[in-house]
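A.B. asks: Pasting in a structure now, in structure tokens, and then I'll have a few things to ask.
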Amino acid sequence: GAGVSQTPSNKVTEKGKYVELRCDPISGHTALYWYRQSLGQGPEFLIYFQGTGAADDSGLPNDRFFAVRPEGSVSTLKIQRTERGDSAVYLCASSPKGGGYEQYFGPGTRLTVT
Amino acid sequence: KQEVTQIPAALSVPEGENLVLNCSFTDSAIYNLQWFRQDPGKGLTSLLLIQSSQREQTSGRLNASLDKSSGRSTLYIAASQPGDSATYLCAVKPGSARQLTFGSGTQLTVLP
């Protein structure tokens, strides 16, 4: 079956611009996670959705970052007033439920802020 | 705060060798531990998931063990092949949280 998909695969934007990154989870998966991975590091948690609601957004670095999942499926990560330090790979994962279920990751979106 | 450490950061071995990758975590109150593989410029592929009540999991040439009390896990790769070259990441799910906490990974190169 289809895995987690993310678009775009690459995004280059200028400092100060607004960007949206999209994640399409595995069909039927109710839990969705966003992580950010800097070069040479492991992914770091940003936000977790269970259904339509953000159950834990404690990893969002500041109020320039926001994510939605209005219908409990596709999610969009939104970054306002981008800064060069936002450059990273943004990974999305989904799982059948929260808790101890295995997480399945998408290929990521590489964001470069110039 | 849970911290995950992977040693070594990089490893280079000749083809055919058996090898062990190490992962340690500071808080033993975990729900499960997952090993992932990441190829350059790609996402993460799940290799093995060990629940906190389990001691090990096996898949083909891979075997992962978990010693929760000492805060350690190992990933054993038998008869390594050049196609095994990738970065291997260890991640734990704390008992109280839903998200994973990752180590920085071990970059493995298997030389033909």
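The values are calculated or read from the model by the stated rules, or taken from the named source; none is laboratory data. As the structure is a prediction and not an experimental result, all values here were calculated from the model. As a convention, Cβ positions derive from the backbone with ideal geometry for all residues, glycine included, and neighbour counts pool all protein chains shown. Ligands, DNA and RNA are stripped out before the accessible areas are found, and what is left, the full protein with its side chains, is counted by its heavy atoms. Shrake-Rupley method; radii C 1.70, N 1.55, O 1.52, S 1.80 Å.
A.B. asks: Show which lysines lie in cross-link reach of B:Lys68 when reach means a straight Cα distance below 23 angstrom and same-chain residues fewer than eight apart are skipped.
C.D. replies: Hits, sequence-local ones excluded: B:Lys1, B:Lys93.
A.B. asks: When chain B is modelled as a GNM with alpha-carbon springs shorter than 10 Å, which of B:Gly41, B:Gly71, B:Gly83 fluctuates the most?
C.D. replies: Fluctuation is largest for B:Gly41.
A.B. asks: Shape call for segment B:69-112 from the C-alpha gyration tensor, a ≥ b ≥ c root eigenvalues: rounded (a/c under 1.5), prolate (a/b greater than b/c) or oblate?
C.D. replies: Prolate is the answer for segment B:69-112, as a/c is 1.5 or above and a/b outweighs b/c.
A.B. asks: Using a 1.4 angstrom probe on heavy atoms only, work out the carbon and sulfur share of the accessible area of chain A in %.
C.D. replies: It is 47 percent, rounded to a whole number.
A.B. asks: Report the net charge of residues surrounding A:Ser95, where surrounding means a beta-carbon distance below 13 angstrom and charges are Lys +1, Arg +1, Asp -1, Glu -1.
C.D. replies: Net charge in that neighbourhood comes out at +2.
A.B. asks: Pull up the cross-link candidates among the aspartates and glutamates for B:Lys42, meaning alpha carbon to alpha carbon under 18 Å and not fewer than 8 places away within one chain.
C.D. replies: Within the straight-line cut-off, B:Lys42 pairs with A:Asp24, A:Glu44, B:Asp84.
A.B. asks: Related question: Send over a whole-number figure in Å² for the accessible area per residue of chain A, probe 1.4 Å.
C.D. replies: For chain A, the solvent-accessible area averages 47 Å² per residue.
A.B. asks: How about segment A:33-89: which trypsin sites (Lys or Arg not before Pro) there lie in a loop by DSSP and see at most 13 other Cβ atoms within 10 Å?
C.D. replies: Answer by residue number: A:Arg81.
A.B. asks: Given axes a ≥ b ≥ c from the Cα gyration tensor, I'd like to know whether chain A is rounded (a/c under 1.5), prolate (a/b larger than b/c) or oblate.
C.D. replies: It comes out prolate by the Cα gyration axes.
A.B. asks: Compare each residue of segment B:73-112 in its chain alone against the assembly with all protein chains, and report those whose accessible area goes down by 30 Å² or more; 1.4 Å probe, heavy atoms.
C.D. replies: B:Lys93, B:Arg98, B:Gln99, B:Leu100, B:Phe102, B:Ser104
A.B. asks: Counting only other residues whose beta carbon sits under 15 Å from that of A:Asp57, what net charge do I get with K and R as +1, D and E as -1?
C.D. replies: Here the count lands on +2.
A.B. asks: Would you list, by chain and number, the lysines whose Cα falls below 18 Å from the Cα of A:Lys15, excluding same-chain residues fewer than 8 positions away?
C.D. replies: Straight-line reach from A:Lys15, under 18 Å: A:Lys78.
A.B. asks: Another question about this same structure. I need the P(r) histogram for chain B: all alpha carbon pairs, bin width 10 Å from 0 out to the longest distance, whole percents.
C.D. replies: Percent of pairs per bin, in order: 15, 50, 29, 6, 0.
A.B. asks: Tell me, what % of the accessible area of segment B:14-112 is carbon and sulfur with a 1.4 angstrom probe?
C.D. replies: 45 percent
A.B. asks: Sticking with this one: By what distance, in whole Å, do the Cα atoms of the protein assembly as shown stretch along each of the three principal axes, largest value first?
C.D. replies: Sorted largest first, the three principal extents are 49, 37, 36 Å.
A.B. asks: Rounded to the nearest 100 Å², what is the sum over both chains of accessible area buried where A meets B, with a probe of 1.4 Å?
C.D. replies: Interface between A and B: roughly 1500 Å².
A.B. asks: Here is a follow-up. Restrict the search to segment A:27-114; then list the GluC sites (Glu not before Pro) that DSSP places in a loop and that have at most 15 other Cβ atoms within 10 Å of their Cβ.
C.D. replies: Taking segment A:27-114 and a limit of 15 other Cβ atoms within 10 Å, the loop GluC sites (Glu not before Pro) found are A:Glu71, A:Glu83, A:Glu102.
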